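Report on the following structure.
The values are calculated or read from the model by the stated rules, or taken from the named source; none is laboratory data. Fair warning: this is a prediction, and the values are worked out from it, not measured in the lab. Glycine gets a Cβ as well: all are built from the backbone with ideal geometry, and neighbour counts include every protein chain shown.
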C-alpha cells in the first residue's frame, strides 16, 4: 500500500511541475537572443527592456500595426533607440519609447551611445 501511495504522489508532483507556472509577463514571449535559456530564436513580443547596455530581447517579430514599447529598467545609464530610417528616442535613463510598425519589413536599431547595443524588429504577416 505504501508503494502505491508513494508512486501516486510522484505522479501528482510530476504532473504539477510539467504544467509550468502562470505569470504576469508579456504575452507571446518565446526565447530570444538575450533571454536566459533562450534558444536563439527571435522573440515574439512587443515589450523590450533597455538595461545593462543591452536590449532584451534584441530581436523580435511582430505583425503589421503592432506598437513596440522599449522600457528603461532604471540602471541609471543613459541609452537611446535610433533606427536606420532616422526615427529615434530621446537619450533616456528611465521611462519608455514606443513606435508603431504599420508595414512588413525588417527594422534595425541601436543605442548610439554604446557600441554593440543593437536590435531588430521584424514585421511580417502571420
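Checking every residue in region 76-83 against the condition of being more than 17 Å from residue 116 (Cα to Cα), out of contact with any helix residue (DSSP H, G or I) (no Cβ under 6 Å at 6 or more places or on another chain) and buried (at least 16 other Cβ atoms within 10 Å of the Cβ) gives zero matches. Residue 7 fulfils the conditions (1) modelled with pLDDT of 95 or more; (2) exposed (fewer than 13 other Cβ atoms within 10 Å of the Cβ); (3) more than 14 Å from the chain's Cα centre (by Cα) except for a single criterion, (1).
Scanning region 40-71 for residues that are outside any strand (DSSP E or B) and either touching a helix residue (DSSP H, G or I) at 6+ places or on another chain (Cβ under 7 Å) or surrounded by fewer than 16 Cβ atoms within 10 Å (Cβ to Cβ) (or both) yields 40, 41, 52, 53, 63, 64, 65. Number of residues in region 92-126 that are within 11 Å of residue 62 (Cβ to Cβ), in contact with a strand residue (DSSP E or B) (Cβ under 7 Å, 6 or more places away or on another chain) and not in a strand (DSSP E or B) equals 2.
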